[in-house]
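Accompanying notes for the structure given below.
Taken together, the values in this text are just the output of simple stated rules run on the coordinates, not laboratory data. The shown structure was predicted, so the numbers you read here are calculated from the model rather than taken from an experiment. Note: ideal-geometry Cβ built from the backbone for every residue, glycine included; neighbour counts use all protein chains shown.
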Amino acid sequence: MKLIGYFRSSAAFRVRIGLNLKSITVEHASRHLRKGEQAAPDYVALNPQKLVPTLVLDTGEVLTQSLAILEYLEETHPEPPLLPSNPVDRARVRALALITTADIHPIQNLRVMGYLRDKFGQTEESAFAWSRHWIETGFDAYEASIAKDRKTGSFSHGDRPTLADLCLVPQVFNAARFKVDMTRYPTIQRIYATCMKHPAFDAAQPSRQADAEA
């Protein structure tokens, strides 16, 4: 399999963690999002959204959207599981994952910030303020959801990594770039620190990728 991503992409970061946790070896390729390489005709033929990641299977079939890719990996490589066995707990983990992937990330990613600057005349500072607002709004909800819930353990759900953590960690990386005050989120900080001690998370972080830049 081949994973096409970008070192700083939150969505590709999620998938890299999942692959590492499940000990799945893939070929890695990169499309430089800031240089517009995702808009090249050969890539658009694979992924019409012009986004990363894209997973090309051994069969030649193509999967897009990070959560869909992670669900595919969960179904084809079930160990270790990214979702609990109990349906209610699975729903809880999916709901936490969606706070970051549906309610934070889409409205503060690279193309949205670019549109704010290019079409609405926003400065870099005001675009960053936009991003901080939506990260903080989402993290307020995430922190409240896990801080006093007995199902929260060393990780967002229990004592092993789940889909929720795969989605949370890249967003914490983004929060640092946008200068979010993380002292407001002690439970998120604790879980993030636990995750980053795990080799699967550490190896997936942006600075460790072949296409990493300063």
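Rounded to the nearest whole Hz, the Karplus-based 3J(HN,Hα) values (6.51 cos²θ - 1.76 cosθ + 1.60, θ = phi - 60°) of the range 47-52 follow the sequence 9, x, 6, 6, 10, 10, with x at glycine and proline. Residues in the range 170-214, backbone N under 17 Å from the label point at residue 160 (7 Å along the Cα-to-beta-carbon vector): list them, ranges by number please. Inside the label zone: 195, 198-201.
Tell me whether the range 49-145 comes out rounded, prolate or oblate; compute the Cα gyration tensor, take square roots of the eigenvalues as a ≥ b ≥ c, and use a/c under 1.5 as the rounded threshold. Oblate, because a/c is 1.5 or more while a/b does not exceed b/c. Does the chain classify as rounded, prolate or oblate by the C-alpha gyration tensor (a ≥ b ≥ c root eigenvalues; a/c under 1.5 gives rounded; else a/b over b/c gives prolate, otherwise oblate)? Since a/c reaches 1.5 but b/c is at least a/b, the shape of the chain is classed as oblate. Straight-line reach from residue 2: taking Cα to Cα under 14 Å and skipping same-chain neighbours fewer than 8 places apart, the aspartates and glutamates in range are 27, 58, 61.
Taking other C-beta atoms within 10 angstrom as a stand-in for reagent exposure, 107, 69 fall in the order 107, 69, fewest first. With both partners inside the chain, how many of the DSSP beta bridges are antiparallel, as a percent to the nearest 5? Of the beta bridges lying entirely in the chain, close to 55 percent run antiparallel.
Residues whose amide H lies under 5 Å from that of residue 158, counting only those 5 or more places away or on a different chain, are 152, 153; hydrogens are built 1.01 Å from N in the peptide plane. Looking at the range 5-68, none of the trypsin sites (Lys or Arg not before Pro) sits in a DSSP loop with at most 10 other Cβ atoms within 10 Å of its own Cβ.
With the cut-off at 24 Å, tell me which of the pairs 151/197; 50/119; 22/148 have Cα atoms farther apart than that. Where the Cα-Cα span goes over 24 Å, the pairs concerned are 22/148.
By count of other Cβ within 10 Å, fewest leading, how are 115, 192, 72 ordered?
115, 72, 192
Could you tell me which of rounded, prolate or oblate describes the range 2-80, using a ≥ b ≥ c as the square roots of the eigenvalues of the alpha-carbon gyration tensor, with rounded for a/c under 1.5 and, failing that, prolate when a/b is larger than b/c and oblate otherwise? Don't skip to the answer; put the middle values down first.
Values: a/c = 2.16, a/b = 1.62, b/c = 1.33.
Note, shape of the range 2-80 comes out prolate.
Can you put 62, 52, 88 in order, fewest other beta carbons within 10 Å first?
Numbers: 62 14, 52 24, 88 9.
With the fewest neighbours first, 62, 52, 88 line up as 88, 62, 52.
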